[in-house]
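One structure is given here, and the rest of the page talks about it.
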Amino acid sequence: VFAGLTHKGLAQRLFEDLVAQCQEAGIIDGTHVAIDSAAIDAYEKKQPKRKSELTGNANWGAKFDTFGNKVKWFGYKLHLAVDAKSELPMALKVTPAHVNDGDEGPALMAFIAAKSKTKFFMLDAGYDQMKNYEAARS
């Protein structure tokens, strides 16, 4: 059942409808939005990085934790844009783990800006790229 929901895009539409309802009810403010990613471990057969990149499935990823330690995992990344006031997600995207956080920032910001009156985006050092500053400014 879950695979059918995701394959047909129903899960995404349900999520977006729920976010819209929360915005209409004033639960999600959307003026201050935090964007970051989280590692998701995969429990599928591990394979070489080169092969994983061709499939679009789980891949090897690495990022630095809060203490500057390098963390490696095989799986995916959940990229989230979260309303800072309610702490509820407003947008999400799942990618293979090797996808750079900074590459997902502009699309998440554009999606949020089209649906809310965002004044501030807050992102960590993983998004420290000119394209993210430009996306936030526009």
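The values are calculated or read from the model by the stated rules, or taken from the named source; none is laboratory data. What you see is a predicted model, and the numbers here were worked out from it, not measured in a lab. FYI the Cβ positions are ideal-geometry reconstructions off the backbone, even for glycines, and counts take in every protein chain you see. To get the accessible areas, we keep the full protein, side chains included, count just its heavy atoms, and leave off ligands, DNA and RNA. Shrake-Rupley method; radii C 1.70, N 1.55, O 1.52, S 1.80 Å.
Below are the figures for this structure:
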item: Distance from the stretch 71-107 to the stretch 11-28 (C-alpha centre basis), Å; result: 18 Å
item: Estimated FRET transfer efficiency (A20, H98; beta-carbon r; R0 30 Å; 0.05); result: 0.40
item: Length added when fully stretched, A11-M130, from 0.36 nm per residue minus Cα-Cα; result: 39.6 nm
item: Highest-first arrangement of 66-76, 35-45, 90-100, where packing means the average Cβ count within 10 Å; result: 90-100, 35-45, 66-76
item: Rounded FRET efficiency, nearest 0.05, which uses the C-beta distance separating D41 from A84 and R0 of 35 Å; result: 0.80
item: CD proxy at 222 nm, helix term only [per DSSP H run n ≥ 4: -39500 (n - 2.57); per residue of the chain; nearest 500]; result: -11000 deg cm²/dmol
item: Per residue accessible area of the chain, 1.4 Å probe, in Å²; result: 66 Å²
